[in-house]
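All of the numbers you see were taken from the coordinates with simple rules; none came from a lab. Only a predicted model underlies this, so the values are computations on that prediction, with no experimental measurement involved. Here the Cβ is made from the backbone with ideal geometry for all residues, glycine too, and neighbour counts use every protein chain on show.
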Amino acid sequence: MNLKIQRRKLIILCLAAILGGCIAQPFIFARDYPPTVPPPEAINFHMPAVHQLPNGLRIILVERHDVPIVRLYAIVQVGAEADPTKLPGTASMVAGLLPEGTQHRSAYQIAQAIDRAGGSIDTGAGWNQSYANVSVLSNHTALAFDLLADLLIHAAFAPDEVKRIRKQTLSALDIANKDSGYVADQVLRETLFAGTDYAHSEDGTHKSIERITRKDLIEFHTQYYVPSRTILAVVGDIDEPECLRLATRFLGGWKNESNAPPAPRARPHTLHERQVIVVDDPDAVQTVIRVANLGVPRSSPDYFALTIANQVLGGPAANRLFEVLRTEHGLVYGASSDLDCYTSLGSWLAKTSTRSADTIKATELVLSEVARMRDRPVQQWELQNARDYLVGHEALQFESASQVANQVLEMMLNHLPDDYWNKYAQQIRSLSADDVLAATRKYLNPDDDVVVLVGNLAAFNNGLKKLGHVRVVPISEASRAFVKPQKGIADYPTGGD
């Protein structure tokens, strides 16, 4: 009996000790410690077969039979970079007019046909590419090929439709030119890419849109919309024999009217000092800030290192610009950077906006962070976070059949090797902090900076000249090209402090 009592006392003492320890220490739950996440896996990508018709049209097929939908993505390898020198916006107008009537169907008949098929049509143009996409339920697949061929080959550019699209474009430009961010981006493009195919707005200007004629649109379409420049990605509930049969039936007779590539224009001018351009908007209560350097083409071997550097500087998730400008100084709501890469060149752009009175301080902080990327290696934890994000995020771009097709088209448009995506993770993970530093030192140069500020000049006049040589343009003149000083554009007076 005594033994039982002693054993019971011992158990009570042990329980009391455990309870006391729990009271003394904070409760620890499983959710207090996030699970260990393994590194993102590399992409296992199988390049679809590329079929080529006798006329040069290339076709890829990504089959997916779980949903009765077929999507056609036609990419013509020409875009705003081929706009005639005095007619920016031509490529965009041509693409926008494709579904607005052909030689066989009116705009209404096209809309009616696609609606009855439970589908959609989308067309447009960017840099280096124009596109026409048709999506239908799979029992209307033949109609999808028929409509796509009609849009690409037989666009009519009816005078009434040209007039209507012109009016819509001018109205859209009126709205866009009231947006400080849009104005800043256009001014930056004209300055950074001066002397190249990319030194204009892909949307055009009021003057160019009013000047473009139906004849100009037909000439652009005839010269560039040819099968030898076109890639067709077919996605969804269709097999290879049927895909090739329909492609041959509707697109096999498409002729190459012209094989002449766009004439290459000069490389960007070498800048020998920082360019600071202020677009003066007296009604603005905040300033839009852009800081940019020339970047690289998409096919550049330095692309991977610069992608990591961009992720550290201002990419999605945690980045230096946001940490300094928002977290430490409370000057902005957001800050980021973009690495924009085209076929033959590119740009690296940091962007934010701030209160008018804080313009100079915020701009100096952006310039300081850009310089830090060039002067010192990224920290190891920054490098690792950037690698993990880029590898993990890229895997999300292969979840659907349409996404797979888009990645294949990107490879083909930019002349990337077939094993590009399979080696993507290896390429990213193999780069060291020194590799990233070597790339930033190659492309980030304070003497080549282009700084664009769109805001109320009177609110940040003092101290402006310490940023560099400044040129000022009224916002009413911002849609004009002003790589060289023109009427309405003035050197900043040297009296400011």
Legend entry - Estimated [θ] at 222 nm from DSSP helical runs (n ≥ 4, -39500 (n - 2.57)) normalised by residues in the chain, nearest 500: -12000 deg cm²/dmol
Legend entry - Relative packing of 343-355, 318-330, which averages over residues the other C-beta atoms within 10 Å, highest first: 343-355, 318-330
Inset, instruction - Could you tell me the largest-minus-smallest coordinate of the C-alpha atoms of the range 275-491 on each of the three principal axes, in descending order and whole angstroms? - result: 53, 36, 31
Inset, instruction - List the relative contact order of the range 275-491 as a percent without decimals, with contacts defined as Cα pairs under 8 Å and 6+ residues apart. - result: 39
Legend entry - Restraint check, 178/351; 86/255; 442/466; 86/351, Cα-Cα greater than 20 Å: 86/255; 442/466; 86/351
Inset, instruction - Would you kindly calculate the translational diffusion coefficient of the range 50-251, applying Stokes-Einstein with the Kirkwood radius from alpha carbon pairs, for 37 °C and a viscosity of 0.692 mPa s, and quote it in µm² s⁻¹ without decimals? - result: 185
Inset, instruction - Please report, in Å, the Rg and the Dmax of the chain, where both are computed over Cα atoms only. - result: 28.4, 112
Inset, instruction - Please list the non-local residues whose amide H lies under 5 Å from the amide H of residue 470, H modeled 1.01 Å from N, same-chain partners needing a gap of 5 or more. - result: 492
